[in-house]
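Note sheet for the following structure.
The values are calculated or read from the model by the stated rules, or taken from the named source; none is laboratory data. None of the values given here were measured: they were computed from a predicted structure. Counting neighbours? That spans all protein chains shown, and the Cβs are built from the backbone with ideal geometry, glycine included.
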Amino acid sequence: MGEEVENVFGEVGATVSFRPARIDPSVSSIIWKHRNSGPVVKAIKWDVDDGVFIPNQRFKDITTLDEKTGKITITNLTVEHSGLYTIDINSKEQEQRFNLEVLGEVRNEFGEVGGEVSFGSTSLNPSVSSIIWKHRSSTGPVVKAIEWDPAEDPDVSIPNPRFKDITTLNEKTGEITITNLTVEHSGFYTIDINSKEQEQRFSLTVMAPVPKPVIKIEKIEMNPNAVNLKCEYNETIIWKNSAGETLKGSPHTPKGELITAEKKGNPDVFYTCTLKNAVSESTSDPVYERDLFEESVPWWIALIVIPVLILAFVLLYKFWTKFHRKQYNLASEGNKMKEDAVSPDQKNVYKNGISDATQR
């Protein structure tokens with residue numbers, strides 16, 4: 001059966017405990033051993049004759065052992081307590097192992113995809129002889145991001161392709177700079193100075209910039225004087241109106257927020273939606289009230305316009321009838337004048353002509 005490794009995590013200054021899954025009741029001796037970058041040392045030892053003994057100064061006064069369960073407890077943790085722990089029971093090393101990682105002070109850093117980020121110590125002891133920055137992602141092993149050791153190589157070494165050509169180191173301050181960031185650069189970063197891991201750690205989160213949001217409009221059938229405005233994104237959402245006031249949104253399924261905009265009677269009132277994350281923010285185009293509601297004529301305008309239209313119709317009708325009556329009179333007078341202009345003889349000739357035609 002292969003070795004079983006259990007990961008255990010602790011913080012600087014805190015307490016951690018771990019124990020074997022099972023232990024034989026007839027135990028006569030227990031030894032916990034620790035291995036980090038240096039040699040294997042005994043953290044704590046117990047046997048039925050001599051009792052508990054702590055041979056290594058690293059574990060002095062902070063380590064205890066439960067002889068019945070085999071549980072080891074370490075208080076006042078430091079980064080130096082990180083490493084692999086094994087247990088010998090009755091002088092036989094057990095298969096179960098524990099990988100303890102003590103996390104020091106964690107400083108959160110954020111970067112934008114394609115952007116640049118710098119972090120690290122602001123000052124170093126002048127006697128620094130080597131610096132190594134290490135990176136651990138959530139999915140892969142610990143890798144060296146950049147290394148400087150002038151005793152071996154005067155130039156800075158970048159052994160991992162993920163950091164090639166985009167990573168630099170300030171040897172005076174220990175600050176690391178990474179350009180052209182990708183999501184793969186997210187993770188924990190630690191720094192070793194003179195081959196000793198420092199307690200401060202850096203958690204880098206690389207994020208894509210937020211997109212420009214678009215506000216969606218949803219009519220409310222039961223209320224024509226209100227609409228729902230939706231901003232359907234996963235980022236932090238900030239609603240504002242044209243007065244600069246921040247509005248409280250309600251959760252919207254499956255994602256985002258919505259607000260209800262009521263008609264104010266002012267077409268210049270508008271609303272915006274802003275998306276924000278740790279590295280960027282973006283605001284939508286404003287949505288104006290004039291585009292949210294159909295225009296309706298105020299009642300007082302109707303009271304003015306309708307009588308005016310009626311009056312205009314009456315006046316037009318009177319003018320039209322008067323005009324046509326005048327035209328009719330003029331036509332009648334013209335016909336009479338034509339009749340008067342014809343002589344009696346012409347009238348008789350005209351009448352006789354008609355009579356002759358009739359007789360024939």
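Points worth noting:
- Only one entry in Val48, Val40, Val12 is among the β-branched types (Val, Ile, Thr), within 30 Å of Val106 (Cβ to Cβ) and modelled with pLDDT of 90 or more, namely Val40.
- Residue check, Thr246 modelled with pLDDT of 95 or more, more than 16 Å from the chain's Cα centre (by Cα), within 27 Å of Val102 (Cα to Cα) and of a type in the set (S, T, N, Q): no
- Some residue of the range 195-211 being farther than 30 Å from Ser284 by Cα and modelled with pLDDT of 90 or more: yes
- The range 219-269 - residue that is of a type in the set (A, V, I, L, M) and under 21 Å from Pro209 (Cα atoms) and, of those, surrounded by the most Cβ atoms within 10 Å (Cβ to Cβ): Ile237
- Total residues in the range 111-122, condition modelled with pLDDT of 90 or more, of a type outside the set (A, V, I, L, M) and surrounded by fewer than 16 Cβ atoms within 10 Å (Cβ to Cβ): 3
- Looking only at the range 131-169, and only at residues there that are in contact (Cβ under 8 Å) with a residue 24 or more places away in the chain and aromatic (Phe, Trp, Tyr), the one that is surrounded by the most Cβ atoms within 10 Å (Cβ to Cβ): Trp133
- Some residue of the range 186-200 being closer than 25 Å to Thr236 by Cα and outside any loop (DSSP other than H, G, I, E, B): yes
- Asn180 meets each of the listed conditions (1) in a loop (DSSP other than H, G, I, E, B); (2) under 13 Å from Lys134 (Cα atoms); (3) touching a residue at least 24 places away in the same chain (Cβ under 8 Å) apart from (2).
- Of the strands (runs of 3 or more DSSP E) contained entirely in the range 1-106, not one carries at least 2 residues that are at positive phi.
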